[in-house]
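Read-outs: derived from the displayed coordinates by stated rules, not from any lab. Note that the structure is a prediction, hence the values are computed from the model and not measured. As a convention, Cβ positions derive from the backbone with ideal geometry for all residues, glycine included, and neighbour counts pool all protein chains shown.
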Amino acid sequence: MSRILPESLTTFPVIAATGTEDAQWSAIIGWTVDTLINVQRVQTQWYAGGAGAMPISAPELGLDKQWQRRVLASVGNYGDIFNRNLGKGSLLKLDQGLNANRLRGGLLLSPFLE
């Protein structure tokens, strides 16, 4: 397992922190993080999987029915982002390890649904 620091800083999920003065922005960030993580869920008899597994339509936030697909088309899922910036596709070549989705052996879980 690759490490940047010799010891773990934490083993519980850390989510994006946003200011309290913009609740709409905070909600959009929260649902975006949830989407990036949950899209990696594999379809089973108990879980719906993939991009259509948990559609979030929130017109009051300015989010239509296709916003999640646009985000994923733009940046990929959490694993894609990790690999591009820290993993196999980066200069660091770090193993995702504990930063993997919890359904794939890591500790990462959705802040809303897990």
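Some points to look at:
- Sites Leu61 and Leu107, calculated FRET efficiency, Cβ-Cβ separation with R0 30 Å, nearest 0.05: 0.60
- Thr18/Ser74 FRET efficiency (R0 30 Å; Cβ-Cβ; nearest 0.05): 0.95
- Rg in Å to one decimal, and Dmax rounded to a whole Å, for region 23-104 via C-alpha atoms: 13.9, 41
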